[in-house]
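S.K.: One structure, as structure tokens, below. Some questions next.
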């Protein structure tokens with residue numbers, strides 16, 4: 001699934017923190033890393049007004065050579081040994097040029113750090129990451145600067161027997177389930193050669209505190225029961241379906257909260273479920289689709305993606321819904337008779 005992995009760089013240490021993770025994915029999937037860096041050309045109008053076009057051309061040429069040398073040095077890093085690497089110099093504005101390169105190169109995945117450096121020869125990866133996530137035609141793995149990156153099968157040194165595990169945010173809709181195959185594939189690649197895990201989570205959204213007193217206990221229990229049946233059945237299907245060859249462990253939990261983003265982060269970072277039970281150390285990555293359905297027991301994944309991105313310390317794997325109808329993307333998870341589920 002991940003044959004071409006695009007890694008945008010800006011020359012900063014932060015952006016290069018994406019390299020070990022991207023290398024682990026490429027090595028496990030036998031994919032190709034595409035190292036890309038943007039050239040921020042001077043504003044031609046300003047130079048032209050001064051009547052000094054020659055210095056501008058010299059500056060662009062000098063910067064081009066600098067970027068070529070930089071990408072060549074990165075490609076020779078020991079951590080990329082044994083991986084096929086290509087280099088790409090991008091022009092124009094960072095986010096549009098990254099998106100254009102994604103389509104032109106037919107990349108399958110973008111791996112990038114969510115913060116970078118600023119200045120004439122740099123670009124602000126934080127805002128660029130948000131723009132890329134909004135418009136990317138392929139999944140994006142956004143990494144947080146200053147946090148541990150999942151570049152090994154056992155990323156948490158405090159839990160040497162804990163393999164890489166991803167929390168997958170679901171809302172009960174078939175649309176949201178489009179995240180499952182990409183998330184499972186990515187999890188297996190990062191966890192390789194160990195056995196990775198998926199932890200399915202469904203958030204039951206509570207009404208605002210001032211309206212919560214009117215919520216009948218029966219409705220609350222009904223919502224929890226429906227979520228439990230959904231996750232239990234989905235888990236069985238994943239273990240028996242086409243994802244079985246990935247050899248992942250699959251678990252699930254239900255969470256409740258009036259703020260979906262905070263609730264998802266609480267589950268992912270601390271492993272807390274509706275009972276308040278916690279998994280020591282939490283999980284290693286959070287995966288979600290950018291859109292879902294609304295309602296009492298649903299969550300609008302699109303509206304919370306950027307909130308999660310700005311607040312979580314974990315890597316965030318974001319998948320856009322495909323142009324296909326939901327029924328055709330996850331048929332292996334559903335049957336017509338499943339409309340009326342029961343435990």
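The values are calculated or read from the model by the stated rules, or taken from the named source; none is laboratory data. Because the structure is a prediction, the values reported are computed rather than measured. Cβ placement follows ideal geometry from the backbone for every residue including glycine, while neighbour counts extend to all protein chains displayed.
S.K.: Do you know which residues across the range 236-265 are more than 15 Å from residue 196 (Cα to Cα) and either part of a strand (DSSP E or B) or touching a strand residue (DSSP E or B) at 6+ places or on another chain (Cβ under 6 Å) (or both)?
M.R.: Those that are more than 15 Å from residue 196 (Cα to Cα) and either part of a strand (DSSP E or B) or touching a strand residue (DSSP E or B) at 6+ places or on another chain (Cβ under 6 Å) (or both): 253, 254, 255, 256, 257, 260, 263, 264.
S.K.: In the range 53-74, how many are out of contact with any helix residue (DSSP H, G or I) (no Cβ under 8 Å at 6 or more places or on another chain), surrounded by 14 or more Cβ atoms within 10 Å (Cβ to Cβ) and closer than 16 Å to residue 32 by Cα?
M.R.: So the answer is 1.
S.K.: With in contact with a helix residue (DSSP H, G or I) (Cβ under 8 Å, 6 or more places away or on another chain), within 20 Å of residue 149 (Cβ to Cβ) and touching a residue at least 12 places away in the same chain (Cβ under 8 Å) as the only criterion, which of 77, 90 stands out?
M.R.: 77
S.K.: Scanning the range 173-203 for residues that are modelled with pLDDT under 90 and crowded, with 24+ Cβ neighbours inside 10 Å, which turns out nearest to residue 266 (Cα to Cα)?
M.R.: So, considering only residues that are modelled with pLDDT under 90 and crowded, with 24+ Cβ neighbours inside 10 Å, the one nearest to residue 266 (Cα to Cα) is 203.
S.K.: Something else now. Within the range 125-161, work out how many residues are touching a helix residue (DSSP H, G or I) at 6+ places or on another chain (Cβ under 7 Å), at pLDDT below 65 and part of a loop (DSSP other than H, G, I, E, B).
M.R.: Of the residues in the range 125-161, 0 are touching a helix residue (DSSP H, G or I) at 6+ places or on another chain (Cβ under 7 Å), at pLDDT below 65 and part of a loop (DSSP other than H, G, I, E, B).
S.K.: Within the range 211-243, restricting attention to residues that are surrounded by fewer than 16 Cβ atoms within 10 Å (Cβ to Cβ) and within 20 Å of residue 261 (Cβ to Cβ), which residue is modelled with the highest pLDDT?
M.R.: 211
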